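Notes follow the structure.
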Amino acid sequence: MGKQLRCLGTALLLAFSVRLASGAGDPHFVGPKTCALCHKEIAAQQERTAMANTWQGRSAAWLSPSFDASVADDLLYEVKRSGGELTYSVKLPDRPKLSLPIEISMGGKRHGLGFLLPVSQIDGLSLARAALVQARYEWSPENNKLLLAPGCAATRPQTLESSLGLVLSPTFESRCLSCHGQPNLRGSGNDGGVHCESCHGPGSGHLTALGRRNSTQGIVNPKRLSTEDSITVCAQCHVGLARFSDPSPDDLLIANQVRAIRNSECFLQSGKAFSCTACHDPHGDAASDGQRAVNACLGCHSSAVKPHAAICPVSAKENCIGCHMPSVERGPLHLVDHLIRVHPEQTAHAANHSAELRSQVRQLGGYLRMIAASSAQAAELARDRIGRGESFYKVARESSVDSTAAIGGYLGRKTFADLGGVLADEAAHLDYGKTSEVVQTGNRWIILERLPRDFRWNAEQLEHEAEDMASRGDAAGAIGKAQEALMIYPQFLRALNLIGVMFANSGNPKKSAEVLRVTTHLYPDDAGSEFALASALGLVGDQGGASAAYKRAIELQGDFVAAYVNLGMISYASGDWRGAINTFRQGLQIDPMCAELYYGLSLALAQSGDASGAKEAMALAGKLDPALVSADPGNFAPRNRSNSFHE
């Protein structure tokens, strides 16, 4: 506090001037230079971090004055500095090279430098709104070349939009710029970057508190927060915008570290006892946090702790991160898998299987299956079948009187205390992959199974095989393989959606709709499932149901461009020109470079009598995707939209 009071006079003057400018009592940002007046050492340390320097503006000053890099895939791309400005160019077929100024560059030397391009018109035709496009390629200093940017498909671009990169929706654009430290936003200062107030909140209230000789008020200090609230500070940027109802590990790699941690068994079994700062110094770079992270692991997983969590049989005192949170390369990005777990794909050899390594901590929850029998004899017969090697799934389907029998007795993740009494105790003492003895509770006899650690991983491998079969046109094989995945994990969202889409693609939309209705019941907040259901309902002629499902998809995920396209076409097909026009225009505010939206808008405007507007919209559609415009308008169908189980 002494250091803070030494700069109290300066702080009070600043606080007074800030209040005059912005209105007394309203919290506002004061900028990193103000924070540095008192917190000199921490501010100087933080100023050197990658986060502090993630905003590179137009110039990316650390790139050489003669910077010139190019790459050829299906098209030729070039990033070049000329006269102090950076330009991004792409050579498209049958048209001159398209060159755009780089409005914003962001990132750094470790994860690469990404580029954002302003696009407001195409060949003199104004877009529905000015777009900010993430360039298809970004610069990787480590590899000394341009690499495909995150989110951009490696397949040949089919439209002008995909040739340039990805249009940022308004919501994503706001998050992107804010989290990369847009200048003079959230305390980033004139130069931009992530600084003190990005995490600690507006500093004006803290200056006022210092004037009252109170150094602890008016500012967010993660050290004084609960672990959950501390993590929430990081979640401002380290939780992606996508709403994953049933995320796989790969879904959580990029900008989803907080969600990954919160889904980790380690975090859940500890009672949410640690936060991001257990491993990371928030004022330093993550690359230097290795030993700090290991120490955090050993705070629970060590024989020196009583009672201790499970001790690693492969390496009890070191190398925790490399095995349980391995690094993953995604183009220029160096990512760490924050979903802490045992990785079966690593096939690490356990040198020690001693019982002393088992967890001494009472387990708080886990994934369970259950068989319920109406008599002790029936339960013992079922338990005997499992003991002889029959699968729990099969025995549950044939023997259980519980409503979960149809899905192999799957209960999902349960907090053991909620099971009550003897079942809670039995579940808490079950190791992964083990089956309980018969337990009587009331007039039922229960057998529990705790699912193996790697049950999700095993289901995912089967689902990947199903996807591969689907890509080869083997619908029956894909459905069968996805059903195998569901035997392991009965509520596997990707497998359920894949089965629904495959039924639709193989000419059975009625069955598709049945499967997808179940899926949307299990996952009512999943926009992708609603989209797939809408597509299936459209195929069976239920346009009202399809329209409602597309609307639900948009409510759940406002940036769902494909849902706007298909919903607009339903209105168009029913003769509701005004409804179609409104829907297409709403979609164009999300993605003003979507050729399908302009195409549909042109058709609806023509029917409504606006020939001039129809002509302009069709011209834009043609500029963005010539192949789409050359199609027969009467047979218009959005390309690669309704049959995508990844949408």
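Look through Ser327, Ser315, Ser403 and report the one residue that is open to solvent by 70 Å² or more (accessible area, probe 1.4 Å), free of Cβ contacts under 8 Å to residues at least 40 places away in the same chain, within 30 Å of Val258 (Cα to Cα) and not charged (D, E, K, R).
Result of the check over Ser327, Ser315, Ser403: Ser327.
Filter the stretch 518-553 down to the residues that are within 21 Å of the chain's Cα centre (by Cα), open to solvent by less than 60 Å² (accessible area, probe 1.4 Å) and not polar (S, T, N, Q) and list them by number.
Hits for the stretch 518-553 are Tyr523, Asp526, Ala527, Gly528, Glu530, Phe531, Ala532, Ala553.
State yes or no: is Val515 within 30 Å of Leu381 (Cα to Cα) and open to solvent by less than 40 Å² (accessible area, probe 1.4 Å)? Walk me through it before giving the result.
Details: within 30 Å of Leu381 (Cα to Cα): no; open to solvent by less than 40 Å² (accessible area, probe 1.4 Å): yes.
Taking the combined requirement at face value, the residue does not satisfy it.
Is it true that Ser66 is assigned to a strand (DSSP E or B) and open to solvent by 20 Å² or more (accessible area, probe 1.4 Å)?
no
Residue under question is Gly193, and the condition is that it be over 25 Å from the mean Cα position of the chain (by Cα), over 30 Å from Tyr523 (Cβ atoms) and touching a residue at least 60 places away in the same chain (Cβ under 8 Å); does it hold?
So Gly193 fails the test.
Across the stretch 556-579, what is the number of residues that are surrounded by fewer than 18 Cβ atoms within 10 Å (Cβ to Cβ), touching a Ser or Thr at 6+ places or on another chain (Cβ under 9 Å) and farther than 16 Å from Gly545 by Cα?
So the first thing to find is which residues in the stretch 556-579 are surrounded by fewer than 18 Cβ atoms within 10 Å (Cβ to Cβ), and the list is 558, 573-576, 578-579.
Next, only the ones that are touching a Ser or Thr at 6+ places or on another chain (Cβ under 9 Å) stay: 558, 574, 578-579.
Keeping just the survivors that are farther than 16 Å from Gly545 by Cα gives 558, 578-579.
Summing the residues that are surrounded by fewer than 18 Cβ atoms within 10 Å (Cβ to Cβ), touching a Ser or Thr at 6+ places or on another chain (Cβ under 9 Å) and farther than 16 Å from Gly545 by Cα in the stretch 556-579 gives 3.
If the requirement is being among the polar types (S, T, N, Q), modelled with pLDDT under 95 and surrounded by fewer than 21 Cβ atoms within 10 Å (Cβ to Cβ), which of these qualifies: Thr216, Thr208?
Thr216
As an exercise: evaluate Glu449 against (1) surrounded by fewer than 17 Cβ atoms within 10 Å (Cβ to Cβ); (2) touching a residue at least 40 places away in the same chain (Cβ under 8 Å) and give the number of the one condition it does not meet.
Every condition holds for Glu449 apart from (1).
Within the stretch 454-465, is there a residue that is of a type in the set (A, V, I, L, M), open to solvent by less than 50 Å² (accessible area, probe 1.4 Å), in contact with a Ser or Thr (Cβ under 9 Å, 6 or more places away or on another chain) and under 26 Å from Leu522 (Cβ atoms)?
Looking through the stretch 454-465, none of the residues is of a type in the set (A, V, I, L, M), open to solvent by less than 50 Å² (accessible area, probe 1.4 Å), in contact with a Ser or Thr (Cβ under 9 Å, 6 or more places away or on another chain) and under 26 Å from Leu522 (Cβ atoms).
Look through the stretch 109-137, keep the residues that are assigned to a loop (DSSP other than H, G, I, E, B) and not basic (Lys, Arg), and return whichever of them is most open to solvent (accessible area, probe 1.4 Å).
Applying the filter and picking the extreme gives Asp123.
Matching residues to (1) within 23 Å of Ser535 (Cβ to Cβ); (2) touching a Pro at 6+ places or on another chain (Cβ under 6 Å); (3) modelled with pLDDT under 95:
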{"position": "Val561", "(1), (2), (3)": "yes, no, no"}
{"position": "Asp576", "(1), (2), (3)": "yes, no, no"}
{"position": "Ile581", "(1), (2), (3)": "yes, no, no"}
{"position": "Asp591", "(1), (2), (3)": "yes, no, no"}
{"position": "Ser612", "(1), (2), (3)": "no, no, no"}
{"position": "Lys615", "(1), (2), (3)": "no, no, no"}
{"position": "Met618", "(1), (2), (3)": "no, no, no"}
{"position": "Ala631", "(1), (2), (3)": "yes, no, yes"}
{"position": "Phe636", "(1), (2), (3)": "yes, no, yes"}
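Can you work out which of the residues in the stretch 245-296 that are β-branched (Val, Ile, Thr) and closer than 30 Å to Leu556 by Cβ is surrounded by the fewest Cβ atoms within 10 Å (Cβ to Cβ)?
Just the residues of the stretch 245-296 that are β-branched (Val, Ile, Thr), to begin with: 254, 258, 261, 277, 294.
Checking which are closer than 30 Å to Leu556 by Cβ leaves us with 254, 258, 261.
On the way: Ile254: 15, Val258: 22, Ile261: 26.
Applying the filter and picking the extreme gives Ile254.
How many residues are buried (at least 21 other Cβ atoms within 10 Å of the Cβ), free of Cβ contacts under 8 Å to residues at least 40 places away in the same chain and over 23 Å from the mean Cα position of the chain (by Cα) when one looks only at the stretch 580-592?
Matching residues across the stretch 580-592 total 4.
I'd like to check something: does the stretch 432-441 contain any residue that is among the polar types (S, T, N, Q), touching a residue at least 40 places away in the same chain (Cβ under 8 Å) and under 19 Å from Gln377 (Cβ atoms)?
yes
Here is a check on your reading of the model: is Arg369 in contact (Cβ under 8 Å) with a residue 24 or more places away in the chain and surrounded by 19 or more Cβ atoms within 10 Å (Cβ to Cβ)?
Considered against the rule, which asks whether it is in contact (Cβ under 8 Å) with a residue 24 or more places away in the chain and surrounded by 19 or more Cβ atoms within 10 Å (Cβ to Cβ), Arg369 comes out as yes.
Would it be correct to say that Ala504 is over 29 Å from Leu339 (Cα atoms), out of contact with any strand residue (DSSP E or B) (no Cβ under 6 Å at 6 or more places or on another chain), among the small types (Gly, Ala, Ser) and touching a residue at least 12 places away in the same chain (Cβ under 8 Å)?
Spelling it out, Ala504 is indeed over 29 Å from Leu339 (Cα atoms), out of contact with any strand residue (DSSP E or B) (no Cβ under 6 Å at 6 or more places or on another chain), among the small types (Gly, Ala, Ser) and touching a residue at least 12 places away in the same chain (Cβ under 8 Å).
Quick one: how many residues across the stretch 223-234 are part of a helix (DSSP H, G or I) and either surrounded by fewer than 19 Cβ atoms within 10 Å (Cβ to Cβ) or without any contact (Cβ under 8 Å) to a residue 24 or more places away in the chain (or both)?
6
Out of (1) within 35 Å of the chain's Cα centre (by Cα); (2) in a helix (DSSP H, G or I), the odd one out for Ala614 is which?
(1)
Listed residues Gly412, Gly389, Gly433; which is open to solvent by 60 Å² or more (accessible area, probe 1.4 Å) and either in a helix (DSSP H, G or I) or not hydroxyl-bearing (Ser, Thr, Tyr) (or both)?
Of Gly412, Gly389, Gly433, the one residue that is open to solvent by 60 Å² or more (accessible area, probe 1.4 Å) and either in a helix (DSSP H, G or I) or not hydroxyl-bearing (Ser, Thr, Tyr) (or both) is Gly389.
Of everything in the stretch 235-244, what is of a type outside the set (Phe, Trp, Tyr) and open to solvent by 40 Å² or more (accessible area, probe 1.4 Å)? Give them in sequence order.
Of the residues in the stretch 235-244, the ones of a type outside the set (Phe, Trp, Tyr) are 235-243.
Of everything in the stretch 235-244, those that are of a type outside the set (Phe, Trp, Tyr) and open to solvent by 40 Å² or more (accessible area, probe 1.4 Å) turn out to be Gln236, His238, Leu241, Ala242, Arg243.
Among the listed residues Ala482, Ala476, which satisfies the condition of being open to solvent by less than 20 Å² (accessible area, probe 1.4 Å), in a helix (DSSP H, G or I) and either modelled with pLDDT of 95 or more or in contact with an Asp or Glu (Cβ under 7 Å, 6 or more places away or on another chain) (or both)? Working first, answer last.
On the way: Ala476 fails: open to solvent by less than 20 Å² (accessible area, probe 1.4 Å).
So the residue among Ala482, Ala476 that is open to solvent by less than 20 Å² (accessible area, probe 1.4 Å), in a helix (DSSP H, G or I) and either modelled with pLDDT of 95 or more or in contact with an Asp or Glu (Cβ under 7 Å, 6 or more places away or on another chain) (or both) is Ala482.
The values are calculated or read from the model by the stated rules, or taken from the named source; none is laboratory data. Bear in mind that the values here come from a model prediction, so they are computed numbers and not experimental data. For neighbour counting, all protein chains shown are included, and Cβ atoms are generated from backbone atoms with ideal geometry for every residue, glycine included. With ligands, DNA and RNA removed, areas are computed over all heavy atoms of the protein, side chains included. Shrake-Rupley method; radii C 1.70, N 1.55, O 1.52, S 1.80 Å.
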